[in-house]
1. By how many nm would the segment from S88 to I170 lengthen if fully extended, with 0.36 nm per residue of separation less the alpha-carbon distance?
2. Roughly how many nanometres apart are two label points built 7 Å out from the Cα toward the Cβ at A151 and E81?
3. Can you give me the distance in nm between label points at E42 and E250, each placed 7 Å from the Cα along the Cα-to-Cβ direction?
4. Amide H neighbours of T185 under 5 Å, at least 5 residues apart or on other chains, H built in the peptide plane: list them.
5. One-quarter of the Cα convex hull surface for the range 251-318, in nm²?
6. Once the other residues with Cβ under 12 Å from the Cβ of T231 are scored (Lys, Arg +1; Asp, Glu -1), what is the net sum?
Amino acid sequence: MDQAHDPRFWVSPMEDAQEIEEQAHEVISDKTSEKKPETRDEILSRHRKEISQLQKKEVEMKKAAARGSKAEQKAKKKQVEEEVSQISTELKEKHAKELAALGYSSGNGNEKSNLDTLVKAIAGVSVASQPEHTKVSKAKQRRDKRAQQEAEREQRIQAEQSDIVSDRMIENEKLERKLKPLGLTVCEIKPDGHCLYRAVEDQLAVLSGGRSPYTFQELREMVAAYMRKHTSDFLPFFLSENLIEDDSDESLAQKFENYCKEVESTAIWGGQLELGALTHCLKKHIMIFSGSFPDVEMGKEYKSDGGTGLSNSSIMLSYHKHAFGLGEHYNSVVPT
């Protein structure tokens, strides 16, 4: 019997739940023994830490529950969810009381505005006072939406990194069978929205035998500048990929400019458009291997081997559709 199914090596969700409940009660209990009262910033910082601890513990409990038969896993998962829900409710009630003591409430009128401000403070967002009726620009709305999407994606990544996804395993096995005969392997790149540019930065470092001449941020800025300079080459692809919103009253040129700004100043993912710009900016042949799709070559005119095979100056990347179940991801491909 392996350890995963041996009762001697299994920690029940109930035991884990009792542990997290005890820790949560300790975290959310009133610190009556402390003489010095907490400042507002200290309270907000503690709230963020308590929420983070609960989220991490929830992931640990779910991992511990993912053992045994499907029926057993289902029962244990439900038990974990109930326990976490109860503890989460208690934590929220505790936070609400402490926020109320600071003068913030979830009531109507100005109280709601106060609570919204404090929620932003808990999330680490600036709470500098602003005019209540200031009109939010469309660019600001776009940036806020993008920031929210990035935060949600990061949370999903953290939750999914502990899971074994069959599609991901199949994709990786196919990619490995493709790369191994070529003496190549995948070098993992951080999945933070900058993966394409970080992977290219890693490749440039490999090709130079030291440090890359460009950082991932500098590569972003180069791509944006090149796309602006060659708008007519990129605009058709920009439109075909539905990168713009139909309900906007901005001109097409402004929409493309806004996209270029996002490329150079946010963590927006890179794809076909950006790869096309990169190959011309760097004057490099780029090879993209995949376990889910046919391999793709870009910038063949920059090959230094006469057009056959991979050159010594080729940038080699791997494309992953199922890396984290959240969309495309790029890694660097290096010699084994």
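Values in this text are rule-based calculations from the coordinates and carry no lab data. Since the model is a prediction, treat every value here as computed from it, not as a measurement. Ideal geometry is used to build each Cβ from the backbone, glycine not excepted, and the neighbour counts take in all protein chains shown.
1. That pair, S88 and I170, stretches by 25.9 nm at full extension.
2. 2.5 nm
3. 4.5 nm
4. Under 5 Å from the amide H of T185 lie the amide H atoms of V334, T336, each far enough along the sequence or on another chain.
5. 5.9 nm²
6. It works out to a net charge of +1.
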